[in-house]
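Take a look at the structure set out below.
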Amino acid sequence: MKRFFIALAAFLVAGQMAIAEGQVHRVAIHVDQSDPKVQNMALNNAVNITNYYESQGDTVVIEMVAYGPGLTMFIPGKSAVEARIATMSLELENLTFAACGNTHRKMSKKAGQDIPIMDEAGIVPSGVVRLIQLQEDGYAYIRP
């Protein structure tokens, strides 16, 4: 009988360990500066976070949200990180990019024409509201 309880305890502990493995982590990365160093740091964060969790047997979902001056990272021809975003979007399936619609409309109005956004980025109505939604959905918040 004692062996039965030991075996049962070992089975339950192993089951709890299996549940703990393979967690899904969610991260929102906030970019609101046009500084290429900040934008590169945000992209570095995405790579480092992905590498860490994958090495642990976990997965991570990352959304990078840009608004205000940070939206320049998604503007073709003006982005200092355009090539890197194009490459990363192919290499990291867990990474998405969100461009603030409010900022985009204001920039387009000021320019007198629609400002293009990189194909890799989707436009959300509001970058700030998107960050709130992600945090309410359990995303960890990172601002490089």
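Screening the candidates VAL65, VAL128 for the property of being touching a residue at least 24 places away in the same chain (Cβ under 8 Å) and in a helix (DSSP H, G or I) yields one hit, VAL128. Residues of region 42-57 that are surrounded by 15 or more Cβ atoms within 10 Å (Cβ to Cβ) and either of a type in the set (S, T, N, Q) or out of contact with any Lys or Arg (no Cβ under 7 Å at 6 or more places or on another chain) (or both): ALA42, ASN45, ALA46, VAL47, ILE49, THR50, TYR53. As a summary of the residue check, ILE115 satisfies the conditions (1) in contact with an Asp or Glu (Cβ under 8 Å, 6 or more places away or on another chain); (2) crowded, with 17+ Cβ neighbours inside 10 Å; (3) in a loop (DSSP other than H, G, I, E, B) except for the one numbered (1).
Could you list all residues from region 27-53 that are touching a Ser or Thr at 6+ places or on another chain (Cβ under 7 Å) and in a helix (DSSP H, G or I)?
From region 27-53, those touching a Ser or Thr at 6+ places or on another chain (Cβ under 7 Å) are 34, 53; that's our starting set.
Answer for region 27-53, where residues must be touching a Ser or Thr at 6+ places or on another chain (Cβ under 7 Å) and in a helix (DSSP H, G or I): just TYR53.
In this structure, TYR139 qualifies as buried (at least 18 other Cβ atoms within 10 Å of the Cβ) and hydroxyl-bearing (Ser, Thr, Tyr).
All conditions but one from (1) in contact with a strand residue (DSSP E or B) (Cβ under 7 Å, 6 or more places away or on another chain); (2) assigned to a helix (DSSP H, G or I) apply to ARG105; the one that does not is (1). Of the listed requirements (1) closer than 28 Å to TYR53 by Cα; (2) outside any helix (DSSP H, G or I), SER79 misses just one: (1).
Bear in mind that the values in this text are calculations on the coordinates, not laboratory data. Keep in mind that this is a model prediction, so the values were computed, not measured. Cβ: placed from backbone, ideal geometry, glycine included. Neighbour counts: every protein chain shown.
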